[in-house]
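All of the numbers you see were taken from the coordinates with simple rules; none came from a lab. As the structure is a computational prediction, the values presented were derived from the model and not from experiment. No Cβ is skipped: glycine too gets one built from the backbone with ideal geometry, and neighbour counts run over all protein chains shown.
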Ligand code: AMP
């Protein structure tokens, strides 16, 4: 049973690693960003509510992502474990998740902090070419990360859930470190 939360600045390679590790462990990769982008593409209500925030590099309101995660974690494939990528993104969401996991009887989650220095994340984000990857939006997303998401490092450290992996290495090296750290 593996339950992992991936934390780290945008552009640290979180999405790629989370996806690869989930496939390796045969558990679902649950990316709130992916779910939101799909909702925008499908022009659902959720997508329309989220788009304006995402285009600006802002976080979408808690309620939207919390409802999504609550529903997703109750799907049958999530019973045997999951990797959460992009959630929680702030302390209020982490508190929501803690309560949700208690109510679902899911616990033992660990948090992987994929650490990377600012220069390397900016280079990576600019090279990625996603629609929300213009320079201005990238700057805002990094600011939001620093102000809202980085405090989760202390939050999860205090709860003895945090494991840190150096994201500033080759994809293969990061993956090896990830496998070692979760096996330990
Ligand atoms: P990501 O693919 O994780 O970089 O997310 C892309 C965008 O989706 C973010 O910039 C936010 O606008 C939105 N988003 C994803 N996850 C969350 C979350 N947990 N809380 C609020 N907004 C989110």
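A compact table of results
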| read-out | value |
| --- | --- |
| Most fluctuating residue given options 32, 20, 44, as computed from a GNM of the chain linking Cα atoms under 10 Å | 44 |
| For the range 85-149: relative contact order, % (alpha-carbon pairs under 8 angstrom, 6 or more apart) | 44 percent |
| The chain, relative contact order in percent, only Cα pairs under 8 angstrom and at least six apart counted | 34 percent |
| Order by protection proxy (mean Cβ within 10 Å, highest first), peptides 76-86, 142-152 | 76-86, 142-152 |
| Under 17 Å from the residue 101 label point (7 Å along Cα→beta-carbon), backbone N, the range 153-173 | 153-165 |
| Within the chain, helix-based [θ] at 222 nm, where runs of 4 or more DSSP H residues each add -39,500 (n - 2.57), nearest 500 | -16500 deg cm²/dmol |
| Antiparallel %, DSSP beta bridges [both residues in the range 2-183], to 5 | 0 percent |
| Radius ratio Rg over Rh of the range 2-183, counting only Cα atoms, Kirkwood formula for Rh | 0.93 |
